[in-house]
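Asker: For reference, the structure I am asking about is given below.
The values are calculated or read from the model by the stated rules, or taken from the named source; none is laboratory data. If you're wondering where the values come from, they're calculated on a predicted model, not measured in any experiment. With ideal geometry, Cβ positions are generated from the backbone for all residues, glycine too; neighbour counts draw on all protein chains shown. Ligands, DNA and RNA are excluded from the accessible area calculation, which covers all protein heavy atoms including side chains. Shrake-Rupley method; radii C 1.70, N 1.55, O 1.52, S 1.80 Å.
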Amino acid sequence: MRIGLVLTGLILLIIAIGPLLAPHSYSAIVGAPYQPPSSLALLGTDYLGEDVLSRVLEGGRSIVWVSFVGTLLGVGVGSAIGMTAAYSGGAVDEILMRAMDVLRAFPPMVLILLLVSMAQAELALMPLIVAIAWVPQVARVAYGAAKEVVAREFVESAETLGASRLRIVRREVLPNVMTPLMVEFGLRLTWSIGIVTTMSFLGVGLQPPAADWGLMIRENYQGLALQPWGVVVPALCVAAFTFGTNLMAEGFARTVARVSPAETAKEAPKEVTV
């Protein structure tokens, strides 16, 4: 988990201060295409003659904010749907979860490409599209976790005291399913990074002349034999960020797994507030 924190922190630091350290504007032509590293361009130039280093330092922000916001929205909406279905039961349960099962039949990347082709989405809509892809997956996880909680005594006590459904879900169910949802957030964030990068590589994310790591790989892969740094460096940045967030999620999951069901059962029930 520490390695994950270091890798993720390093990438976030590059994203935060990278544009301030860039030697050139990310769209400035500084030489001929596919020039090797030199004093003018430390990582060489790309297919247009732009500075690879400057574009790398500028290109991570879109991946981070689209992945994070999309994952946050997807986990939030999916959790709400799953907990509502688990607590309500009956027809509400059937309608919500059958709708989620239909969406789950589509692989996330296929669903994202379908939504992009329908909406011709711009960057501002990318987080929403990523979120829609994760909602059915997260809803199923939240439903399974909440189904065990809603049968517990403290939920029945809150119902007896006349608490509203919204208050019960918010005060009694949500705190008791927060741990699996946090693990799910970490896993979905890792996958979101790969999906957002793939979208840019396929040409349905950011468009030139924007600086983006996935877009850089797409633009420069044909010149890989001439000047590899335009592909290798952004690919390493994406890999480090993905690997770091994956290690963090895995470490958190292992920490949670150390708490046995017996220990959880010994915990005092939450105080019912009406």
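Asker: Could you state the number of Å between the C-alpha centres of the stretch 1-50 and the stretch 148-219?
Answerer: Each part's Cα centre sits 31 Å from the other's.
Asker: Could you do me a favour and compute the accessible area per residue for the stretch 1-257, 1.4 Å probe, result in Å²?
Answerer: Averaged over the residues of the stretch 1-257, the accessible area is 48 Å².
Asker: For the stretch 82-234, what does the convex hull of the Cα positions come to per residue, in cubic angstrom?
Answerer: With only Cα atoms used, the stretch 82-234 gives 131 Å³ per residue.
Asker: Hey, another quick one. If you build the Cα gyration tensor of the stretch 106-175 and take the root of 5 times each eigenvalue, what three semi-axes come out, in whole angstrom, biggest first?
Answerer: After scaling each eigenvalue by five and taking roots: 37, 13, 7 Å.
Asker: Please work out how much accessible surface residue 252 shows to a 1.4 Å probe, ignoring ligands, DNA and RNA, in Å² rounded to 10.
Answerer: Accessible surface of residue 252 is approximately 60 Å².
Asker: State, to one decimal in nm, how far the label point of residue 69 lies from the label point of residue 160, with both points 7 Å from Cα in the Cβ direction.
Answerer: That separation, rounded to one decimal, is 4.7 nm.
Asker: Take the solvent-accessible surface of the protein heavy atoms, probe 1.4 Å, and return the percent of it on the stretch 1-257 that carbon and sulfur atoms account for.
Answerer: 69
Asker: What length, rounded to one decimal in nm, is gained on full extension from residue 153 through to residue 236, with 0.36 nm per residue of separation minus their alpha-carbon distance?
Answerer: Contour length minus Cα-Cα distance gives 24.8 nm.
Asker: What is the helix-to-structure angle for 61-88, meaning the angle in degrees between its Cα long axis and the longest Cα principal axis of the chain, kept from 0 to 90 and rounded to the nearest 10?
Answerer: In the chain, helix 61-88 runs at an angle near 20 degrees to the longest axis.
Asker: For the residue pair residue 102 and residue 20, what label-to-label distance in nm results when each label sits 7 Å from Cα along the Cα-to-beta-carbon direction?
Answerer: Those two pseudo-labels are separated by 5.0 nm.
Asker: A further question follows. I'd like the accessible area for residue 212: 1.4 Å probe, protein heavy atoms, all chains in place, Å² to the nearest 10.
Answerer: About 0 Å², rounded to the nearest 10.
Asker: Compute the relative contact order of the chain as a whole-number percentage, counting only Cα pairs closer than 8 Å that sit 6 or more residues apart in sequence.
Answerer: 26
Asker: Another one. Using a simple spin-label model with points 7 Å from Cα along the Cα→Cβ vector, what separation in nm is obtained for residue 10 and residue 29?
Answerer: 3.5
Asker: Please give the per residue volume of the convex hull enclosing the alpha carbon atoms of the stretch 139-228, rounded to a whole number of Å³.
Answerer: 129
Asker: Students often check this: by mean Cβ neighbours within 10 Å, which of 160-168, 72-80 ranks highest, and how do the rest follow?
Answerer: Descending mean neighbour count gives 72-80, 160-168.
Asker: Just the projected area, averaged over all directions, of the convex hull on the alpha carbon atoms of the chain: how many nm²?
Answerer: 16.9
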